[in-house]
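Input: a single structure, listed below in structure tokens.
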Amino acid sequence: MDYVFDIFVAAFSALFFSIFTAFIASRTRRPIYRKAIWAYLGTLLAAGSGVTMMRLSLDYLAMGAFIAALSGIFLEVAIAVLLRHLVMIDAPYGSYDTTFGARNGPLDDIRNSANPIHYGPNDPLRNW
């Protein structure tokens, strides 16, 4: 019965890692994070087959998957913040800057033709 728990822990760790990586991938829209999911799952499959072939206890697989998932999540979030793929959205103006010289002030939002304003005199639902 121990092996059922060990396999559950390994599968839950993979699910946990995949959910956090999918969250980062959906926020940043960069394919490298999806590749990180598949690389982790491939490594977990290789480790599982290695544990099976060497007839080791599945405790090694469960503990390795759990530690790898937690360290992978922390490392991935740290890299995403470092590369500015994740930024604070409710930070005060000027506390962080965007890349490639993109401006992010309130007047820049109003003057940006790709970002139509939905308030004030240009509000399509304005009845007054």
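Every number here is computed from the coordinates shown, using simple stated rules; none is lab data. Owing to the predicted nature of the structure, the values given are computational and were not obtained by experimental measurement. In this analysis, Cβ positions are derived from the backbone assuming ideal geometry, glycine residues included, and neighbour counts consider all displayed protein chains.
For the stretch 38-65, residues that are under 20 Å from ILE24 (Cα atoms), aromatic (Phe, Trp, Tyr) and surrounded by fewer than 17 Cβ atoms within 10 Å (Cβ to Cβ) total 1. For ILE24, the requirement of being in a helix (DSSP H, G or I) and more than 14 Å from ALA80 (Cα to Cα) is not met.
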